[in-house]
Amino acid sequence: LQDKLNKAIKTLKGQGRITEINVAATIKEVRRALTDADVNYKVAKEITDRIRDKALDRKVLISVEPGQLFVKIVQEELTELMGGEAQGINIKGDPAVMLIAGLQGSGKTTFSGKLAAYLKKQGRSVLLVAADIYRPAAIDQLKVLGEQVGVEVYAEPENKNAVEIAQNGIALARKTGKKIVIVDTAGRLAVDEAMMQEIEALKRAIAPTETLFVVDSMTGQDAVNTAKTFNERLNFDGVVLTKLDGDARGGAALSIKTVVNKPIKFISTGEKMEALDVFYPDRMASRILGMGDVISLVERAQQAFDEDESKRINAKMRKNQFDFDDFLSQLQQIKKMGNVKDLLGMIPGMGKMIKDLDIDNDSFKPIEAIISSMTPKERSRPDIIDGSRKKRIANGSGTSITQVNNLLKQFDEMRKMMKKMNTMQSSGKLNKMMR
Ligand code: GDP
Ligand code: MG
C-alpha cells in the first residue's frame, strides 16, 4: 500500500504546478492503492471523492506546494477512516478484567505481557492469568514474561477449565487488592466452532471490562476476515494490531477499522516487552504515507531516556562539546529503548533502507569496545588521536585501525551535523523546515 500511495503522490510532488488531470490521475491511484489493501471499494470511493473535493476546495492546484497539501489532505482522510482520535482502554472496575482473544500465533501472550508492563508503568497493580489450557508451554511463556516485567502470573497447570481458572484468578486479584486482571487465552490456528464457543463462554462467565482482539497485521485479507468473525461472536471492544515491525504497513489497520468499526487500541512492533504503542490514527496515516512514525519514536525515546542525562547531553550538543563519553551514554540509552531495527524503522525514509540490513543490538559492540579503549582525555578530545594512539586503541579493543578510523570519521561527521543544526536552530531555519 505504501509503495503504491508513494507512487501516486510522487506524481504530484515531482511537479511544482499540477493540472486537474494530474489530480484526477492521482486520486485514481490512491483509490486503487486502497482497494488493493483490502479496503472495501465503496469506502475507497467515498474517501477518494472526499479527498478530491477537499483538494479542489483548498485550491491545491494553485497552492505553492500542491504535492504537500495533497499529502496532508490524504493524511487527514486516512486518519478519519481509522477512527480519528486515539481510544484508550477502560480500566474501571474492581478489578478491571481484560480478556485477550485471537488466533494462535497472533501475539496474545506477548501482548498480555506488554500490556501488564504498560499498566504497571502507570503505577497500577496487575495480575496475569494463564487461561491457555491446551499448551502447557503457553503457561511457562507467560510466566517468563511476567517475571521479566515484574508482574505476578496466576496459573493452574492441572486444570482444564479455562472459565474456572479465570474466575479463580479474578478472585485472587480481589483478595490481594490487584486492580487489573489480564486473561491470556488459547487460540487455534484457524477459526473453528469449538474455539468460538469456548471464548464466548469465557466472556459470558467473567464479564470482562475490555475484550481485546489480537491480530497479526501480516496476514492481510485473512486478518480482516478473522476480525469480522470474532467480532460477530464476541462483540469485542478493541483491536490490537501486532507485528507491525514487519512488511505490513497499515493496510490491515485501514481495513479492519472499516469492516468491524471497532477502534484499534494498541499496536505491537516487536518481540521485546517495550515494543507496544497506543494506536494513534494520525500517526498510522503518516506511516502509511511513508513519513515515518516520528512522534511514537520520540515518545518511546522519552520513556526510556534518563531525563537528566538527556538534558546534559543536549546542552553539550548545543555548545558543540559532544564527546565520546556522551556518545557511549547515548548508545546505551538507545539499547534500553528496545530493538534498534524497530526504532530505526520509524525514522522517515529509513524503513525501506534497513529492511534487508542485518542490524541488531550486537552491532554496537565494536563501537563500544573502541570507545572503552580510549583514555578519558581521548574521549573528550578525539582530535588528539594520532596514528600511534589509533594503533593502541585498535589493539586494546580487538578491532582494526580501519574500524577505529571509520568510527572517528563518523563521529566527526556527526559533530559537524550537530553544529550545522545548531546554527540553523539559532537562525530559525530549522523551525521553518519542521513546519
Ligand atoms: P499467541 O499464540 O497468540 O499467544 O502468540 P505469541 O504471543 O506466543 O506470539 C507468537 C510469536 O510471535 C512469538 O514468537 C512472538 O515472539 C512473536 N510476536 C508477537 N508479537 C510480535 C510483534 O509485534 N512483532 C514480532 N516481530 N513478533 C511478534
Ligand atoms: Mg499464547
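What follows draws every value from the coordinates through simple rules; no lab data is involved. If you're wondering where the values come from, they're calculated on a predicted model, not measured in any experiment. Backbone-built Cβ (ideal geometry, glycine too); neighbour counts: all protein chains shown.
Before moving on, here are some points about what is shown:
- For Val43, Val126, order by how many other beta-carbon atoms lie within 10 Å, fewest first: Val43, Val126
- In this structure, the residue pairs whose Cα-Cα separation is over 18 Å, taken from Lys114/Lys257; Lys92/Lys265; Lys121/Lys243; Lys108/Lys265; Lys92/Lys257, are Lys114/Lys257; Lys121/Lys243; Lys92/Lys257.
- Cα centroid separation - region 257-282 against region 181-201, whole Å: 21
- Estimated FRET transfer efficiency when R0 is 56 angstrom, pair Ala315-Gln148 (beta carbons, to 0.05): 0.95
- Share antiparallel - DSSP beta bridges, region 96-289, percent rounded to 5: 10
- Ranked list, fewest to most other Cβ atoms within 10 Å of each Cβ, for Leu234, Leu276, Leu244: Leu234, Leu276, Leu244
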